[in-house]
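Q: Submitted below is the structure of interest, expressed as structure tokens.
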Amino acid sequence: MQLSIVGSGYVGTTIAACFAEVGHDVVNVDIDEEIVASLNAGDAPIHEPGLDDLVAEHAGDRLRATTDYGAVRDTDVTFLALPTPSEADGHIDLSIMKAGARSLGAALAEKDGHHLVVTKSTVVPTTTEEVIAPILAAESGKTLGGDLDVGMNPEFLREGSAVEDFLDPDKVVLGSETERGASLLRDVFDPLVAQADDPPVVETGVAEAEMIKYANNGFLAAKISLANDIANICKEYGIDSEEVLSAIGLDHRIGSSFLGAGVGWGGSCFPKDVAAIIAAARDVGYDPAMLEAAVEVNDRQPVRLLERLRDHVDPDGARVAVLGLAFKPGTDDVRNSRAIPLVEALLDANADVVGYDPVATENFRETFPGIDYADSAESALDGADAALVVTDWPEFADLDSAFDSMSTPVVVDGRRIVTRRDGIVYESLV
Ligand code: UDX
């Protein structure tokens, strides 16, 4: 099929390359000339395992990029993969989506025949039908349910395994209100489903598809927060939370994934999506108590980490090494990393902070230009009065003798990753 993807960010670039991989002809539309040039030269504009190879293989053949929205006219289906950032009160900001829909609609005004526009971005329920579709219809002059259909196809890929997650998903969710739209969506995904490990395909309505994305992320974030709540109780009793959580994970109704207790969840999705669905729920008169509690527990974890530090070292004037700045291991992304509230609190407490991350230092420096940065965990620990572990990078498991160079070897582990040894004062958060 001929597909167009509007937006070449994390999701847009990954799905464009993966759709080309399963045999579709794909054009990526983006307003950023640098990204377009990079894609056309066969270079992925973001770092993600396997993506470089796919872009290099398909660029100039089944994958191309352009700044010209007119390219969508030669395609059957367009996916809107534009950012939906947070407003200060948690609501999603639809201005980029609306602008994209206007440009897309204007381009479609000159297309004869039918077109399907699919929302790939995470948007709160009813956005596709009540905000995006009317803009598309007005700009294109096309009739909804006639020569224009809209659909919704939420994306569940994770940073660090985006290509793998997209090509071998747990499920595919296709949201449509018309048979023609549903049939086109099926055609788009058939080759992907055929090469994957037989994922269930959920055919549903457009608003249901929008809600499935929030329900998925809200549930996972709440699952981690519940694991943290339980682990905090364990900590107060001196019970090993890891043993407790791994035992409950054996119950198939609970499952063992996303029970990793620690300093909490961050990233570009969980915090934004949980805030957005809470704000949307309140708009329709519902107070989502569980999701609000999930945020509250998550906000408390960095505070608790600092309290564990204070049990051993007064941060005022102390040299504190913060190990791990990325929101999770395997990425240089620091968006909503738990290291952010932690470093803010350390600076408020007048600590002398030195940060270390294997890959995320430069991104963290943009938010915190004033703290020290080390180019290895060993040099961050050298002379430090305490170390706080924030991200579970595997290399932090084997620091071993590196702790010997600390001024006082106090290690407060927010991810239970450090291997305990004699000669250090080890304190885990949970
Ligand atoms: C998440 C969803 O998993 C994905 O389906 C969605 O499309 C986007 O958001 P991502 O943000 O890439 O993906 O990261 P993920 O691996 O889910 O981790 C999110 C956060 O939760 C990280 O900060 C991680 O450290 C934390 N986490 C994860 C825990 O604290 N404990 C766990 O057990 C798992």
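All of the numbers you see were taken from the coordinates with simple rules; none came from a lab. Just so it is clear, the structure is predicted and the values come from calculations on it, not from any experiment. Note: ideal-geometry Cβ built from the backbone for every residue, glycine included; neighbour counts use all protein chains shown.
Q: Contour minus end-to-end for SER257 and VAL284, with contour as 0.36 nm per residue of separation and end-to-end as the Cα-Cα distance? Don't jump to the answer; show the numbers that get you there.
A: Working: separation 27, 0.36 × 27 = 9.72 nm, distance 3.19 nm.
Length gained, SER257 through VAL284: 6.5 nm.
Q: Shape of region 1-150 from its Cα gyration tensor (a ≥ b ≥ c, root eigenvalues): rounded if a/c is under 1.5, otherwise prolate when a/b > b/c, or oblate? Mind dumping the intermediate values first?
A: Numbers: a/c = 2.03, a/b = 1.30, b/c = 1.56.
In terms of gyration-tensor shape, oblate.
Q: Can you tell me the dipole magnitude for the chain around its Cα centre, using point charges on the Cβ only (Lys, Arg +1; Asp, Glu -1), in Debye to the nearest 20?
A: For the chain, the charge dipole is close to 820 debye.
Q: Students often forget the sequence filter, so: which lysines lie under 18 Å Cα-Cα from LYS171 once same-chain residues fewer than 8 apart are removed?
A: Counting by Cα, and skipping residues close in sequence, LYS171 has these lysines nearby: LYS120, LYS213.
Q: At 0.36 nm per residue, minus the direct Cα-Cα distance, what do ARG180 and GLU34 gain on full extension? Give it in nm, one decimal, please.
A: Details: separation 146, 0.36 × 146 = 52.56 nm, distance 3.62 nm.
Answer, rounded to one decimal: 48.9 nm.
Q: Compare the peptides 361-370, 274-283, 164-173 by average per-residue count of other Cβ atoms within 10 angstrom and give them in order, highest first.
A: Working: 361-370: 14.1, 274-283: 19.6, 164-173: 17.7.
The densest-packed peptide leads the list: 274-283, 164-173, 361-370.
Q: Next up: If N is the number of residues in region 300-397, what value comes out of its Cα radius of gyration divided by 2.2 N^0.38 Å? Walk me through the numbers on the way to the answer.
A: Numbers: Rg = 12.0 Å, N = 98, 2.2 N^0.38 = 12.6 Å.
Normalised Cα radius of gyration, region 300-397: 0.95.
Q: What does the net charge come to around LYS213 if you take all other residues with beta carbon closer than 11 Å to its beta carbon, with K and R at +1 and D and E at -1?
A: Neighbourhood net charge equals -3.
Q: Assigning unit charges at the beta carbon (Lys, Arg +1; Asp, Glu -1) and nothing else, what dipole magnitude in debye, to the nearest 20, does region 8-143 show about its Cα centre?
A: Dipole of region 8-143, to the nearest 20 debye: 460 debye.
Q: Here's another thing I want to ask about it. I want to check the label-to-label distance for LEU347 and TYR426. Put each point 7 Å from Cα in the C-beta direction and report it in nm to one decimal.
A: Spacing of the two 7 Å Cα→Cβ label points: 3.2 nm.
Q: Let me ask another. For the charge dipole of region 320-379, defined by +1 on Lys and Arg C-beta atoms and -1 on Asp and Glu C-beta atoms about the Cα centroid, which residue among ASN363, SER337, LEU347 has the Cα displaced farthest towards the positive pole?
A: Farthest towards the positive end: SER337.
Q: What order do you get for 304-317, 187-200, 213-226 when each peptide is scored by the mean count of other beta carbon atoms within 10 Å, highest first?
A: Details: 304-317: 16.9, 187-200: 14.4, 213-226: 20.5.
In descending order of packing, they fall as 213-226, 304-317, 187-200.
Q: Round to a whole angstrom and tell me the spacing of the C-alpha centers of region 166-198 and region 94-143.
A: If you average the Cα positions of each part, the centres end up 21 Å apart.
Q: Can I ask one more? Counting pairs of alpha carbon atoms under 8 Å apart in space and at least six apart in sequence, what relative contact order in percent does the chain give?
A: Details: 883 pairs, mean separation 45.3, N = 430.
Across the chain, relative contact order equals 11 percent.
Q: Same structure, new question: From Cα pairs below 8 angstrom and at least 6 apart in sequence, can you work out the relative contact order of region 120-272, rounded to a whole percent?
A: 22 percent
Q: Amide H of LEU148 versus every other amide H placed in the peptide plane: which residues, excluding those fewer than 5 positions away on the same chain, fall under 5 Å?
A: It is HIS115, THR143, by chain and number.
Q: Pop out the Kirkwood hydrodynamic radius of the chain from its pairwise C-alpha distances, inverse of mean 1/r, in Å to one decimal. It would help to have the intermediate numbers written out before the result.
A: Details: mean 1/r = 0.0431 Å⁻¹.
Result for the chain, one decimal place: 23.2 Å.
Q: Here's another thing I want to ask about it. Taking only C-alpha pairs under 8 Å that are 6+ residues apart, what is the relative contact order of region 184-284 in percent? List each step's numbers first, then the result.
A: On the way: 55 pairs, mean separation 29.1, N = 101.
Averaging sequence separation for qualifying contacts and normalising by length gives 29 percent for region 184-284.
Q: A follow-up question, please. Cα centroids of region 274-349 and region 245-266: how far apart, whole angstrom?
A: The distance from the Cα centre of region 274-349 to that of region 245-266 comes to 19 Å.
Q: If packing is taken as the average count of other Cβ atoms within 10 Å, what order do 101-112, 326-337 fall into, highest mean first?
A: Working: 101-112: 18.1, 326-337: 21.4.
Per-residue mean Cβ counts within 10 Å order the peptides as 326-337, 101-112.
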